[in-house]
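Heads up: the structure comes next, in structure tokens.
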Ligand code: SF4
Ligand SMILES: [Zn+2]
Ligand SMILES: [Zn+2]
């Protein structure tokens, strides 16, 4: 099959546009959409230090590669990477190796923070001690450590590898669970003291395009799934969107566009409140005591 734009052989069929793309035109299209998204939300401007949340999975590896291609030559922009080692046996160690390698290859300084050292127990240990779901501990402490480390590194932004599939799932899931306040917070509307602004440069890129980019650039990535991954509702939404998209290509974009259209109303309805400093650790929180400190007390870790 030939590329829809030139004479070369196609390497990718872009379902949402109906176009066959050669390597050159795939990469051009990929970067054009990422640049447009970065501009639209003013994600990266001048004199920035961008911390990349680097798990070693395909999204974060591709994100680091893309940002390095876009900003590697810019004197006023510095990239750093932060990996969180939650302490999940037989899972995290290999992905950390991949993270280390890509950072070495791209000459990005790499910082690893560990649950065991920073929080007082590995995730495996928390799961043995506490009654909550693994993803609850993992999500709260990872967010906490990423923000704290990014701030310590004087990062101006914290970039995560969320892609279009992730975002469409989250939007739909919030609707289905009637969690509209959380939906309003999906794109932060103001800068909060102590909280490094999160950006998602790949939010307009399909997961299968990320996989194709990794393959075309020979990037080693991990496709391993976390042993604790058990999110039946999200998996159902993912499967539904997958089938729907297959039948009606481009509908994940529609979910995103609809969300962006109602975002101003959501922000009016649920204005972002100013955060406090946690009374125990000083990290930003909407409450008196942050969720991480609450969980630490519950797990007898303080
Ligand atoms: S699936 Fe695994 S890595 Fe992801 S939040 Fe849950 S415990 Fe953490
Ligand atoms: Zn072409
Ligand atoms: Zn706290």
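Would you please state which residues of the stretch 273-300 a label at residue 129 would reach in this model, taking the label point 7 Å out along Cα→Cβ and a backbone N cut-off of under 15 Å?
Those under the cut-off are 292-300.
Cα axis of helix 58-71 to longest principal axis of the chain: angle in degrees, 0 to 90, nearest 10?
Roughly 70 degrees between the two axes.
Looking at the chain, send over the antiparallel percent of its DSSP beta bridges, to the nearest 5.
On the way: 6 of 25 bridges.
The antiparallel fraction comes to roughly 25 percent.
Find the relative contact order for the chain and round it to a whole percent, using C-alpha pairs within less than 8 Å whose residues are 6+ positions apart.
On the way: 427 pairs, mean separation 58.2, N = 302.
For the chain, the relative contact order is 19 percent.
Quick check: pseudo-label points 7 Å beyond the Cα along Cα→Cβ at residue 208 and residue 263, how many nm apart are they?
2.6 nm
Using alpha carbons only, how many degrees (0 to 90, rounded to 10) separate the axis of helix 23-40 from the longest principal axis of the chain?
Rounded to the nearest ten degrees, it is 50.
Over 5 Å intervals from 0, what percent of Cα-Cα pairs in the stretch 109-149 sits in each interval?
Per 5 Å bin, starting at zero, the Cα-Cα P(r) for the stretch 109-149 comes out as 6, 23, 33, 22, 10, 4, 1, 0 percent.
Measuring from label point to label point, each 7 Å out along Cα→Cβ, what is the residue 244 to residue 256 span in nm?
If labels sit at residue 244 and residue 256, their model points lie 1.5 nm apart.
Could you line up 164, 295 from fewest to most neighbouring Cβ atoms inside 10 Å?
Exposure proxy ranking, most exposed first: 295, 164.
Could you give the angle, 0 to 90 degrees to the nearest 10, between helix 251-269's Cα long axis and the longest principal axis of the Cα atoms of the chain?
40 degrees
Percent of Cα-Cα pairs per 10 Å bin, from 0 to the last occupied bin, for the stretch 94-200, please list those.
Bin by bin from 0 Å, the calculated values are 11, 33, 39, 16, 1.
Tell me, rounded to the nearest percent, the portion of alpha carbon pairs in the chain spaced more than 38 Å apart. Could the numbers behind the result be given before it?
Values: 5522 of 45451 pairs.
The calculated P(r) of the chain puts 12 percent of pairs beyond 38 Å.
Would you kindly compute the Cα radius of gyration of the stretch 1-158 and its largest Cα-Cα separation (Dmax), both in Å?
Rg, Dmax (Cα atoms, Å): 18.9, 61.
Based on Cα coordinates alone, diagonalise the gyration tensor for the stretch 134-271, multiply each eigenvalue by 5, take square roots, and list the semi-axes in whole Å, largest first. All intermediate terms of the calculation are to be shown ahead of the outcome.
Numbers: eigenvalues 117, 97, 53 Å².
For the stretch 134-271, the semi-axes come out at 24, 22, 16 Å.
Take each of the peptides 143-150, 249-256, average the number of other beta-carbon atoms within 10 Å over its residues, and list them starting from the highest. Walk me through the intermediate numbers first.
Values: 143-150: 21.8, 249-256: 16.1.
Descending mean neighbour count gives 143-150, 249-256.
Applying 1/(1 + (r/R0)^6) with R0 = 51 Å to the Cβ-Cβ distance of residue 180 and residue 9, what FRET efficiency is obtained, to the nearest 0.05?
Numbers: r = 47 Å, r/R0 = 0.92.
Given R0 = 51 Å and the Cβ-Cβ separation, E is 0.65.
For the stretch 202-280, what does the equivalent ellipsoid look like in terms of its semi-axes, each the square root of 5 times an eigenvalue of the Cα gyration tensor, given largest first in whole Å? Could you put the intermediate results ahead of the total?
Numbers: eigenvalues 176, 97, 50 Å².
Taking √(5λ) for each eigenvalue gives 30, 22, 16 Å, largest first.
Report the calculated FRET efficiency for residue 298 and residue 23 (r = Cβ-Cβ distance, R0 = 51 Å), to the nearest 0.05. Don't jump to the answer; show the numbers that get you there.
Numbers: r = 51 Å, r/R0 = 1.01.
For R0 = 51 Å, the calculated efficiency reads 0.50.
Quote the convex hull volume per residue of the stretch 248-302, based on C-alpha atoms, as a whole number of Å³. Before the final figure, lay out the partial values.
Numbers: hull volume 7.3 nm³, N = 55.
Considering the Cα atoms of the stretch 248-302, their hull volume per residue is 133 Å³.
Which whole-number percent gives the relative contact order of the stretch 152-302, counting Cα pairs below 8 Å spaced six or more residues apart?
28 percent
Bear in mind that the values in this text are calculations on the coordinates, not laboratory data. Keep in mind that this is a model prediction, so the values were computed, not measured. Cβ: placed from backbone, ideal geometry, glycine included. Neighbour counts: every protein chain shown.
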